[in-house]
Amino acid sequence: MADTPSSREALRGIGRRVGVRNRLMLLVSCALALLLASSLAACSSAAKSDRGPTDAKPPKRLYPGEVRQYQGAKLSSIEDFYENSIKGPQQIDPKTYRLEVNGLVKTPLRLTYDQVLARQTYDKVVRLNCVEGWSVDIWWEGVRVADLLDQAGVDANAKVVIFRAADGYSSSLPLSYIRNQDILLASKMNGVVMPPERGFPFMLVAEDRWGYKWVKWVKAIEVSNDASFKGYWERRGYSNGGELDKKFTD
């Protein structure tokens, strides 16, 4: 093309059209980018909404049939306990479970879950006080430990009763205390079967004793004359007596 005024004007016209087209393309690209970003933000917000608040508390477990008031007294919930066992909740199969009563007895026992429950049961409201600073008031139901001991026939030299759990935990209490306090081996709490996380099939209701004396998942009851026996926490400095009106550490 010859370099003439008309040709230069034509080239400037082409340049202007190209510039306008480029600007339009740039504007369209920006608009599309903004639209895409807005869509992604909306999706992210919806996803967070579907998941619920990030600071939401975990759901509480419900225990159908749980009694929260007994004979005019307000009861704590089964949910009010804190999990502090040495190996976590134990899962015990009631079909294969056996409760052993042995040691200084005339007739050692090995009872099924149903055999334990077949005997006379008793109930009472007792407060569990944990050394961690929390407590619960629960309506307990179960069999008297003394009845199991009587069936086995306790030796005259016996002094203490040792309780052993499925997770390896253990603790002991004086034989006289077991009898005088009508201590229960509980199978129910607040009217429902003892949940696994609370000690199914049986939990010792060590009335007037610190919580570490309340053995869960009891699998064996040993009668002994060794008054110096120390259980799991007692070997770690806790009081062997575990009385509430005394310090829990020696």
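Derivation of every value follows stated rules applied to the coordinates shown; laboratory data play no part. Source: prediction; values computed, not measured. Because the Cβ atoms are built from the backbone with ideal geometry, glycine has one as well, and the counts that use them run over all protein chains shown.
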Open item on the list: With the requirement that a residue be under 25 Å from the mean Cα position of the chain (by Cα) and surrounded by 19 or more Cβ atoms within 10 Å (Cβ to Cβ), what does the stretch 221-238 give you?
Closed with: 221, 231, 233, 234, 238
Open item on the list: For the stretch 152-176, give me each residue that is of a type in the set (Gly, Ala, Ser), crowded, with 17+ Cβ neighbours inside 10 Å and outside any loop (DSSP other than H, G, I, E, B).
Closed with: 152, 165, 170, 171, 172
Task: Tally, over the stretch 91-122, of residues that are touching a residue at least 12 places away in the same chain (Cβ under 8 Å) and either crowded, with 19+ Cβ neighbours inside 10 Å or among the aliphatic types (A, V, I, L, M) (or both) - done: 11
TODO: Just need a number here: residues in the stretch 123-151 that are hydrophobic (A, V, I, L, M, F, W, C), surrounded by fewer than 20 Cβ atoms within 10 Å (Cβ to Cβ) and not in a strand (DSSP E or B).
DONE: 4
Open item on the list: Here are the criteria: (1) surrounded by 17 or more Cβ atoms within 10 Å (Cβ to Cβ); (2) more than 23 Å from the chain's Cα centre (by Cα). Tell me which single one residue 201 does not satisfy.
Closed with: (2)
- [ ] Report, by residue number, each residue of the stretch 204-220 that is within 17 Å of the chain's Cα centre (by Cα), assigned to a loop (DSSP other than H, G, I, E, B) and not aromatic (Phe, Trp, Tyr).
- [x] 215, 216
Task: Selection count, the stretch 99-122, where residues are of a type in the set (Gly, Ala, Ser) and assigned to a strand (DSSP E or B) - done: 1
- [ ] Kindly indicate whether any position in the stretch 182-189 is β-branched (Val, Ile, Thr) and touching a residue at least 40 places away in the same chain (Cβ under 8 Å).
- [x] no
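Which of the residues that make up the stretch 222-236 are part of a loop (DSSP other than H, G, I, E, B) and among the polar types (S, T, N, Q)? If you could, list the steps in order and put the result at the bottom.
Going residue by residue through the stretch 222-236, those that are part of a loop (DSSP other than H, G, I, E, B) are 225-233.
Passing the criteria: 225, 228.
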- [ ] List the number of the failed condition for residue 98; all other conditions in (1) within 24 Å of the chain's Cα centre (by Cα); (2) under 20 Å from residue 236 (Cβ atoms) hold.
- [x] (2)
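Taking the conditions exactly as written (surrounded by 19 or more Cβ atoms within 10 Å (Cβ to Cβ) and on the phi < 0 side of the Ramachandran plot), does residue 184 satisfy them or not?
Details: surrounded by 19 or more Cβ atoms within 10 Å (Cβ to Cβ): yes; on the phi < 0 side of the Ramachandran plot: yes.
It is true that residue 184 is surrounded by 19 or more Cβ atoms within 10 Å (Cβ to Cβ) and on the phi < 0 side of the Ramachandran plot.
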